[in-house]
Amino acid sequence: MTLRIWKERFGLVKMERIKSLYLKYRHGIPLALYMIVYLTWFAWLEDRNKRNYEVIHVGLDDYIPFCEVFIVPYLLWFGYVAAVVVFLFFKNKQDYYRSCAFLFTGMTLFLIISTLWPNGHHLRLAEMPRDNIFTQAVSALWKIDTPTNIWPSIHVYNSMGAHFAVMRSAELKGKKGIRIASGILAFSIILSTVFLKQHSCFDVATGLGLGAVMYMLVYRRDAVFAARAERKMKKRMSM
């Protein structure tokens, strides 16, 4: 075999592999493009809105104590949501699309709200009540994360989205331990948003409400349609 023929064959094999990988994983392209848009838009908002914004505050905020240990679930949120999306990306394309539809819709609404109505809060402490590894982590978080663009809470909304995806995943249907752990982590993350003074209770409540509505639109609707189709099929078979 001449060197030229070997190169041609090797090139064709290489191109076939690239094509195969593209066809297998091309459903990740919209996610990558959306994250570029989202992070760019969010960075712009963080810079613009830190100078002038409407303050969000409700009476309940004043009764919630600061508890620095909640920095652990708060930071775990990043890995939690990413892990769920990556798992679905490789295991179930349909569930992956549903999860992305849920997450993208809420995140886009959040960006639009923050653009049209800049918002923030004044809940953070002037100084830490204690000095430990957790308060140091919270201080580091506060230095890079401004108390603006908080409504509705994306930590709350995306935690709900990740947990819904776990609960509705066909691959995790029999994984009781994973489903329970997901629920505990999602609940802990939601609590962390107020115990760390990252969000007002208003942000949490609206995040929960938006998540509930999107669950009905993304997940519950499919379940209702599936149940109707099953009843029709049984009715036809009985005729």
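Could you order the peptides 193-204, 23-34, 68-79, 130-141 from most to least packed, using the average number of other C-beta atoms within 10 Å per residue?
Highest to lowest by the protection proxy: 193-204, 68-79, 130-141, 23-34.
In degrees, nearest 10, range 0 to 90: what is the angle between the Cα axis of helix 176-195 and the longest Cα principal axis of the chain?
30 degrees
Could you tell me the distance between the Cα centroids of the stretch 41-71 and the stretch 159-183, to the nearest Å?
For the stretch 41-71 versus the stretch 159-183, the Cα centre distance is 29 Å.
Can you give the local net charge around Gln136? Use residues other than it whose beta-carbon is closer than 14 angstrom to its beta-carbon, Lys and Arg +1, Asp and Glu -1.
Taking every Cβ under 14 Å from that of Gln136, the sum is -1.
To the nearest 10 degrees, how steeply does helix 133-144 sit against the main Cα axis of the chain, on a 0 to 90 scale?
80 degrees
Kindly state, to the nearest 0.05, the FRET efficiency for Asn132 paired with Gln94, given R0 = 35 Å and r defined as their beta-carbon distance.
E between Asn132 and Gln94, to the nearest 0.05, is 0.20.
For the chain, take the longest principal axis of its alpha carbons; what is the angle in degrees between that and the long axis of helix 154-168, to the nearest 10 within 0 to 90?
40 degrees
What is the fewest-to-most order of Arg51, Arg124, Arg98 by other Cβ atoms lying within 10 Å of their Cβ?
Arg51, Arg124, Arg98
Could you give me the ³J(HN,Hα) list for the stretch 96-105, computed from phi with Karplus coefficients 6.51, -1.76, 1.60 and θ = phi - 60°, whole Hz, x at Gly and Pro?
Calculated HN-Hα couplings, in order: 4, 4, 4, 4, 5, 4, 5, 5, 4, 5 Hz.
Find out how many positive minus negative residues lie around His27, taking Lys and Arg as positive, Asp and Glu as negative, among other residues whose Cβ is under 13 Å from that of His27.
After counting each charged neighbour, the total is +4.
Using the Cα gyration tensor of the stretch 48-135, with a ≥ b ≥ c the square roots of its eigenvalues, what is the shape: rounded (a/c below 1.5), prolate (a/b larger than b/c) or oblate (neither)?
oblate
In percent, how large is the relative contact order of the chain, given Cα pairs closer than 8 Å and 6 or more residues apart?
28 percent
Report, in deg cm²/dmol and to the nearest 500, the calculated mean residue ellipticity at 222 nm for the chain, where each DSSP H run with n ≥ 4 adds -39500 (n - 2.57) and the sum is divided by the residue count.
After summing the helix terms and dividing by residue count, I get -24000 deg cm²/dmol.
With a 10 Å Cβ neighbour count serving as the proxy for reagent exposure, in which order, fewest first, do Tyr38, Tyr96, Tyr157 appear?
Tyr38, Tyr96, Tyr157
Bear in mind that the values in this text are calculations on the coordinates, not laboratory data. Not measured: the values here are computed from a predicted model. Don't worry about glycine lacking a Cβ; one is built from the backbone with ideal geometry, like all the others, and counts go over all protein chains shown.
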